[in-house]
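The values are calculated or read from the model by the stated rules, or taken from the named source; none is laboratory data. Nothing here was measured: the structure is a model prediction, and the numbers come from that model. Neighbour counts run over all protein chains shown; Cβ positions are idealised from the backbone, glycine included. For the accessible areas, the whole protein counts, side chains as well, though only heavy atoms, and no ligand, DNA or RNA atoms are used. Shrake-Rupley method; radii C 1.70, N 1.55, O 1.52, S 1.80 Å.
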Amino acid sequence: MLEVRDVELSFGDLPVLRGVSLAAAEGEIVCLLGPSGCGKTTLLRVIAGLETPAHGDVIFDGRSVRGVPVHRRGFGLMFQDFALFPHLDVARNVAFGLRMMGISAVERQRRAQEVLSLVGLAGFERRDVAKLSGGEKQRVALARSLAPNPRLLMLDEPLGSLDAALRERLVIEIREIIKQVGRTALYVTHDQHEAFAIADRIIIMNEGRFEQVGTPEAVYRRPASAFVARFLGLNNILPVAARAENRVRTAVGQFRLEVAADVEAVLLHPDGFQPAAAGSPEAIAGQVERRVFLGDAYQFQLRAGDGVQLTFKLAAQAERLPQVGENMSVRLLPDYVVPLNGRRGVKG
Amino acid sequence: MDTGLDRSRAALIRLPLRYGLLLVPAVFLALFYFYPLVSILAVGLAPGGQPDLTGFAEIVTSAYYRHTLGFTLAQAALSTALTLLLALPGAYVFARYDFQAKSLLMALATLPFVLPTVVVAAAFSALVGPRGLVNEGLMSLLGLESPPVQLERTLAIILIVHVFYNYAVALRIIGSYWANQNPRMEEAARVLGAAGWRLWWEIRLPILRPALLAAGTLVFIFTFTSFGVVLILGGPRFATLEVEIYRQTANLLNLPMAAALSLVQIGLMLVMMAIYTRMQRRTAADVVSAASAVRPPRSRRARALVFGNLLFMAVMLFAPLLALVARSFTAGGEGFTTRYYELLFANVRGSVLFVPPMRAVGNSLVFALATTVLAVALGLITVYLLSQRGSRWANWLDPLFMLPLATSAVTLGFGYIIALDEPPLNLRASPVLIPLAHTLVAMPFVVRSVLPAKRSITPHLPEAARVLGASPWQVWRFIDLPLISRGLIVGAVFAFTVSMGEFGASLFIARPDTPTMPVVIFRLLGQPGAANYGQALAMSVLLMVVCAVGFILIERLRTVGMGEF
């Protein structure tokens, strides 16, 4: 089990990690998600021992790894650009860690073959790594970090340099492979779809802090802060003008919340919009500014009262959908008004 | 009237003119490079007009020549190994750490490249020679009668000077290759359990292999052809092929033997140049651009590593040069004096020279100016010849024009005295031989400085100018010239500096009444007495200043990424 306790680190005057703590259970895949420069890669490097934190500790299986040099930690780390050794062939790259452990050549070869077939590269042993395709390199890098049977597997944007279609396929494969070997894994990415597909739990990072921790569903459906919502592409954020015990008032109307105290803003989650009859009590009325056909749905941009812009999708099979310039009324399903707490209430 | 007929007639006239102009460098190369080379071939293979290979047989059978060849190779191998070993930590520091004045230090480290061998030999003699600063200091400190540091005429001093010369070459090649390698590879290896020597042996060295081989081959070539350093500092005990060629010619007048040795030398050089070209291509192909891993040294160990390397570089670079300046004012040991500089103007009776030493400064300047003009003119034409788009010629002309760079100066000088001293081309009595030889050595530098700039002019630029009404001459004057001027000036300064410091060829062909500065320094260094020694150092200081100024000009004008030499 991995535990990170209150880690702080600065590069010169620039704070990169401002006191972060996490715990990952045996066999869990935890994903660090955030924009570039948020400190997610640095946190991996601290755990790997490539950076030394100014404060805080990393504990594995109850023992601190502070003072244990990189090469003795027994963790696996897969780099964004793969960092395959150009002077070694595929099998030797994969067996490198085993060789460092002093494992016999016969055993190394057996293990390399085993891991290579696990990642779907059986028969690639003698290939030159420079001549592999991007996806093949990625698999070799994964095999190399898996081969020594690391206590903890860390992956730093492992699909970052591949094209979108390949990414979509590989992320599912990686999850299956990690689950098959049953390792605890930390996965760093800036791509929410990748994070949703691979993670048991997601940590959203911003400026060296954790903004929200939760299951992919919870993070997506109930973002804790305006930053998280925006980062996930959920932009219908309205400031709260007034709040009562369990209601908030915004520029486009009143909404019911379980606890309304302290709420500074709400997210009108785009997945909760439905067409409504004009003039009905809960309806939000406005003018269609943009209508984009997406195949299975239309994306609408609606200009509602007070100049507020709302974006949402409606299924393409819905009766008649208004054209650009026409008036439109929508309503929001009750559970899709999400209270946002600014910087407070980080843990979700 | 400008009719179509007139125009095509003009083109007909211009065509031969154009090709005639392009022929000039070819004719120059044929007369002053290939003709002497062929003469060496003739004298070496058929000394008496009849095919006669006894010279070669002697090289193979005689223990003396086998030893000379063996020593040439062994000292080059040792120098190369030592240089790479010392430059490796430096390259690491420059590839991985960011620190103040980094680019200035890198530029300074390259200074030895333009320093003439005689100056460097004089500088090391002023530092660690029997009359050098170190020995004088130790003698007065410990009250000794004889100099305790005996480095002159040892293999050690030859190796030290070779490191001095080639450290920056290795540092640049290895450092820039290293900086382009993905730093994550090392981290990946560490995460997988590699540390200490295993990290060096299993990751760093294999990854650097192409750069190590390229740098090693280049340093080997430079030290294999070492002439001035071995001749001056090595004494009679040591001789490289180059030194032996000189001795066979100047001391023993055994021209067939010198020719045979020259042919061995040329053959080996061609093989090594071919190897180097292949190596260099590989370093260029393997460059992987990676996220910059350069950062300031933070840990105490990193700071010590950076500081230690910079200290080593500074001591190695500045100690001999400062010693040279200091000793040029204190050579006799009787305190500060400008006497040796004043003596340069005097024609001392019984001197080894026929003229006041200061005359050599004038000679060198005149020769260097002539060389600059010739090298720039011929180099410029060559650049146009080589940069013609879609030309089948360019591909094999390029290496052809670089050949003089692969030929040692001693071979060239030897070829001149056996080829150009008799009809049809008797120039022995003429002082033009020196600028001609220097032009051959300098021209590749001009070509290498200008060619990248010329190649960067896309065909659209002159086309646009022509559409806007510029005549061919105006196109050249207002488009080409401004774009290549920087490279042209760098090339010109290179040519000037190379000519000022050229020693190997000049020693063969300089006439007694028109010696150059390096030749005078060499003659003075070979004479006993504090006066001669002091004058040698004084003149070395003057030559060093000229070359250092040239070096500063080159470094300031050189654009980033311009050809490595």
Go through the range A:50-75 and give me each residue that's under 16 Å from A:Ser21 (Cα atoms), at the interface with chain B (Cβ under 9 Å from one of its Cβ atoms) and open to solvent by less than 70 Å² (accessible area, probe 1.4 Å). none
So B:Tyr177 fits all but one of (1) out of contact with any Phe, Trp or Tyr (no Cβ under 9 Å at 6 or more places or on another chain); (2) closer than 24 Å to B:Ser226 by Cα; (3) in contact (Cβ under 8 Å) with a residue 40 or more places away in the chain; what number is the exception? (2)
Kindly provide the set of residues from the range A:262-310 that are at positive phi and open to solvent by 50 Å² or more (accessible area, probe 1.4 Å), ordered by number. A:Asp262, A:Gly279, A:Asp306
Qualifying residue in the range B:147-159 (condition: within 14 Å of B:Ala81 (Cα to Cα) and either within 14 Å of chain A (Cβ to nearest Cβ) or in contact with a Leu (Cβ under 9 Å, 6 or more places away or on another chain) (or both)): yes
Exactly one of (1) under 30 Å from A:Phe227 (Cα atoms); (2) of a type outside the set (D, E, K, R); (3) facing another protein chain (nearest Cβ under 8 Å) is unmet by A:Leu44. Its number? (3)
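To keep it simple, each residue is scored yes or no on (1) closer than 25 Å to A:Met1 by Cβ; (2) in contact with an Asp or Glu (Cβ under 7 Å, 6 or more places away or on another chain); (3) at pLDDT 90 or above.
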residue	(1), (2), (3)
A:Leu116	no, yes, yes
A:Arg127	no, yes, yes
A:Gln138	no, no, yes
A:Leu146	yes, no, yes
A:Arg175	yes, no, yes
A:Arg183	yes, no, yes
A:Val188	yes, yes, yes
A:Asp191	no, no, yes
I want to confirm something. Restricting to the range A:76-98 and keeping residues that are within 7 Å of chain B (Cβ to nearest Cβ), within 24 Å of A:Thr42 (Cα to Cα) and open to solvent by 10 Å² or more (accessible area, probe 1.4 Å), which single residue is modelled with the lowest pLDDT? A:Asp81
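A quick yes/no check of all residues on (1) among the polar types (S, T, N, Q); (2) in the same structural domain as A:Arg167 (by TED's automatic domain parsing); (3) without any contact (Cβ under 8 Å) to a residue 12 or more places away in the chain; (4) in contact with a helix residue (DSSP H, G or I) (Cβ under 6 Å, 6 or more places away or on another chain):
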{"position": "A:Gln113", "(1), (2), (3), (4)": "yes, yes, no, no"}
{"position": "A:Gly123", "(1), (2), (3), (4)": "no, yes, yes, no"}
{"position": "A:Arg127", "(1), (2), (3), (4)": "no, yes, no, yes"}
{"position": "A:Ala130", "(1), (2), (3), (4)": "no, yes, no, no"}
{"position": "A:Ser133", "(1), (2), (3), (4)": "yes, yes, yes, no"}
{"position": "A:Ser145", "(1), (2), (3), (4)": "yes, yes, no, no"}
{"position": "A:Pro148", "(1), (2), (3), (4)": "no, yes, no, yes"}
{"position": "A:Arg151", "(1), (2), (3), (4)": "no, yes, no, no"}
Within the range B:185-196, considering residues that are of a type in the set (Gly, Ala, Ser) and on the phi < 0 side of the Ramachandran plot, the one farthest from the other protein chains (Cβ to nearest Cβ): B:Ala189
Sole exception among (1) open to solvent by 20 Å² or more (accessible area, probe 1.4 Å); (2) part of a helix (DSSP H, G or I); (3) within 12 Å of chain B (Cβ to nearest Cβ) for A:Arg111, by number: (3)
Give me the residue from the range B:145-162 that is surrounded by fewer than 21 Cβ atoms within 10 Å (Cβ to Cβ) and touching a helix residue (DSSP H, G or I) at 6+ places or on another chain (Cβ under 6 Å) and, out of that set, nearest to B:Phe220 (Cα to Cα). B:Leu159
Could you tell me whether any residue of the range B:71-80 is among the polar types (S, T, N, Q) and either surrounded by fewer than 17 Cβ atoms within 10 Å (Cβ to Cβ) or in a loop (DSSP other than H, G, I, E, B) (or both)? no
Looking at the range B:418-455 only, could you name the residues that are under 16 Å from B:Ile554 (Cβ atoms) and hydroxyl-bearing (Ser, Thr, Tyr)? B:Ser449
Could you please give the count of residues in the range B:237-271 that are open to solvent by 20 Å² or more (accessible area, probe 1.4 Å) and either of a type in the set (D, E, K, R) or without any contact (Cβ under 8 Å) to a residue 60 or more places away in the chain (or both)? 9
Go through (1) open to solvent by less than 80 Å² (accessible area, probe 1.4 Å); (2) farther than 30 Å from A:Pro216 by Cβ; (3) part of a strand (DSSP E or B) one by one and return the number of the condition A:Gln254 breaks. (1)
State whether the residues of the range A:128-142 include one that is within 9 Å of another protein chain (Cβ to nearest Cβ) and buried (at least 17 other Cβ atoms within 10 Å of the Cβ). yes
Unique residue being under 21 Å from B:Leu84 (Cα atoms), facing chain A (nearest Cβ under 10 Å) and in a helix (DSSP H, G or I) when the list is B:Leu212, B:Leu171, B:Leu218, B:Leu199: B:Leu199
Restricting attention to the range B:81-130, the residues that are over 28 Å from B:Ser364 (Cα atoms), touching a Phe, Trp or Tyr at 6+ places or on another chain (Cβ under 8 Å) and surrounded by fewer than 21 Cβ atoms within 10 Å (Cβ to Cβ) number exactly 6
Unique match (being open to solvent by less than 70 Å² (accessible area, probe 1.4 Å), more than 14 Å from chain A (Cβ to nearest Cβ) and modelled with pLDDT of 80 or more) among B:Ala302, B:Ala314: B:Ala314
Being closer than 30 Å to B:Asn180 by Cα and small (Gly, Ala, Ser) is true for just one of B:Gly491, B:Gly534, B:Gly501, B:Gly526. Which residue is that? B:Gly491
Any idea which residue in the range A:212-232 is nearest to A:Gln309 (Cα to Cα), counting only those that are open to solvent by 10 Å² or more (accessible area, probe 1.4 Å) and more than 13 Å from the chain's Cα centre (by Cα)? A:Arg230
Mind listing just one residue for me: the one in the range B:224-273 that is within 17 Å of B:Ala505 (Cα to Cα) and polar (S, T, N, Q) and, of those, modelled with the lowest pLDDT? B:Asn251
Tell me which residues, restricted to the range B:174-184, are within 14 Å of chain A (Cβ to nearest Cβ), open to solvent by less than 20 Å² (accessible area, probe 1.4 Å) and part of a helix (DSSP H, G or I). B:Tyr177, B:Trp178, B:Pro183
Being modelled with pLDDT under 90 and open to solvent by 30 Å² or more (accessible area, probe 1.4 Å) is the filter here; which residues of the range B:524-547 pass it? B:Leu525, B:Gly526, B:Gln527, B:Pro528, B:Gly529, B:Ala530, B:Ala531, B:Asn532
Just give me the residues in the range B:221-268 being farther than 25 Å from B:Met279 by Cβ and not in a helix (DSSP H, G or I), in sequence order. B:Gly235, B:Pro236, B:Arg237, B:Phe238, B:Ala239, B:Asn251, B:Leu252, B:Leu253, B:Asn254
Those residues that are in a loop (DSSP other than H, G, I, E, B) and small (Gly, Ala, Ser), I need them from the range B:142-168; list them, please. B:Gly143, B:Ser146
